[in-house]
Amino acid sequence: MINKVQIFYAGYCIHPECMVIKHGQFRKAKFPALFALLEHDKYGSILFDTGYTKRFFSETERFPFNIYSKLTPVVLEDGISAKEILESEGIHASSINYVIISHFHADHIGGLKDFKSAQFVFNSDSYDAVKDKRGISALRSGFLRGLLPENFEERAMPLTDTMKMDISEAAAPFETGYDLFGDKSIILVKLPGHAIGQIGALVTDRDHHEYFFVADAAWRSDAYRQFRPPNPIAYMIIDQRKEYIETLGKLNKLYLRRPELQIIPSHCMEAFGEKIWIT
């Protein structure tokens with residue numbers, strides 16, 4: 001079982017709120033790059049995503065990837081990578097056994113190289129969609145190849161049909177999940193739309209607290225609570241518009257059915273109780 005769940009963020013990007021949520025303000029807001037630490041009593045330390053590292057800046061120095069850093073200005077203070085944050089908590093990078101990758105955008109895979117002992121859990125559709133892309137094509141997919149470890153595929157642990165289970169009772173209208181360890185402690189759920197093959201994670205801890213890490217299926221909590229899609233301009237960076245709306249609608253229905261479930265988008269500052277607006 002999961003003994004402990006901790007939520008952190010490694011850097012943030014800055015956008016006008018109105019870009020990510022319909023009828024939002026024009027004020028610039030912080031959007032954190034969340035990662036979560038899940039402590040399993042049998043399988044050890046597991047991460048859900050990794051946030052940014054300073055590698056993002058080196059990978060976006062040259063054209064065409066410098067466009068990425070200009071479109072999404074990133075703030076990353078010293079000591080704020082996932083590795084450094086975990087070490088400040090007394091957790092060495094070598095003790096991370098698994099990293100769940102929600103999708104392959106740079107703000108989710110930025111720290112993968114720091115976790116040299118980890119296996120990488122992901123939906124193969126997500127990796128297949130980006131692995132052969134280069135140049136402008138990779139830029140349009142938010143994919144920076146240099147963020148992947150050289151032996152990434154050797155350490156890959158993609159979802160398999162043997163993991164499938166019915167989750168309709170706990171998470172309807174979502175019907176199918178992937179039981180990572182066979183003990184229902186971490187159930188991975190396909191959340192298509194924002195990125196091809198994106199996944200989230202339903203997590204239950206030993207005290208029966210339930211979390212649903214939904215990556216970028218919603219950028220803000222009010223988006224799924226009130227079913228507020230993003231500004232139409234935002235669809236330029238969304239792979240599948242129809243699927244995005246469908247997934248957001250399912251999250252809204254799940255929230256209305258089970259408001260006690262903690263649904264956590266990867267870029268919502270609400271999870272941290274910190275100042276949102278840039279002044």
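The values are calculated or read from the model by the stated rules, or taken from the named source; none is laboratory data. All values reported here derive from a predicted model rather than from experimental measurement. Methodologically, a virtual Cβ is constructed for each residue, glycine included, from the backbone with ideal geometry; neighbour enumeration extends over all protein chains shown.
Listing for the model above:
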read-out: Top-ranked residue in segment 96-122 [being among the polar types (S, T, N, Q) and in a strand (DSSP E or B); ranked as nearest to Leu159 (Cα to Cα)]; value: Gln119
read-out: Extreme residue, nearest to His105 (Cα to Cα), among residues of segment 24-46 that are small (Gly, Ala, Ser) and touching an Asp or Glu at 6+ places or on another chain (Cβ under 8 Å); value: Ala33
read-out: Qualifying strands (runs of 3 or more DSSP E) (wholly inside segment 176-217; at least 1 residues being in contact with a Lys or Arg (Cβ under 7 Å, 6 or more places away or on another chain) and touching a residue at least 40 places away in the same chain (Cβ under 8 Å)); value: 199-204
read-out: Residue in segment 97-104 that is touching a Leu at 6+ places or on another chain (Cβ under 6 Å) and within 20 Å of Ala201 (Cα to Cα) present; value: yes
read-out: Complete set of residues in segment 161-215 that are touching a helix residue (DSSP H, G or I) at 6+ places or on another chain (Cβ under 9 Å), of a type in the set (S, T, N, Q) and over 22 Å from Leu34 (Cβ atoms); value: Thr176
read-out: Segment 67-86 - residue that is modelled with pLDDT of 95 or more and in a helix (DSSP H, G or I) and, of those, surrounded by the fewest Cβ atoms within 10 Å (Cβ to Cβ); value: Glu84
read-out: Hey, Thr53 hydroxyl-bearing (Ser, Thr, Tyr), surrounded by 19 or more Cβ atoms within 10 Å (Cβ to Cβ) and in contact with a Lys or Arg (Cβ under 8 Å, 6 or more places away or on another chain) or not; value: yes
read-out: Residue check for Lys70: charged (D, E, K, R), free of Cβ contacts under 8 Å to residues at least 60 places away in the same chain, under 15 Å from Gly110 (Cα atoms) and out of contact with any strand residue (DSSP E or B) (no Cβ under 8 Å at 6 or more places or on another chain); value: no
read-out: Failed criterion for Asp41 (all others in (1) in contact with a Ser or Thr (Cβ under 8 Å, 6 or more places away or on another chain); (2) surrounded by fewer than 19 Cβ atoms within 10 Å (Cβ to Cβ); (3) touching a residue at least 40 places away in the same chain (Cβ under 8 Å) hold); value: (1)
read-out: Those residues of segment 200-213 which are among the hydrophobic types (A, V, I, L, M, F, W, C) and touching a Phe, Trp or Tyr at 6+ places or on another chain (Cβ under 7 Å), in sequence order; value: Ala201, Leu202, Val203, Phe213
read-out: Conditions (1) within 23 Å of Gln262 (Cα to Cα); (2) outside any strand (DSSP E or B); number of the one not met by Gly11; value: (2)
read-out: Residue ID - surrounded by the most Cβ atoms within 10 Å (Cβ to Cβ), chosen from residues in segment 199-239 that are within 22 Å of Leu139 (Cβ to Cβ) and over 17 Å from the mean Cα position of the chain (by Cα); value: Pro230
read-out: Residues located in segment 134-168, provided they are assigned to a loop (DSSP other than H, G, I, E, B), modelled with pLDDT of 95 or more and surrounded by 15 or more Cβ atoms within 10 Å (Cβ to Cβ); value: Phe143, Leu144, Leu148, Pro149, Leu159, Ile167
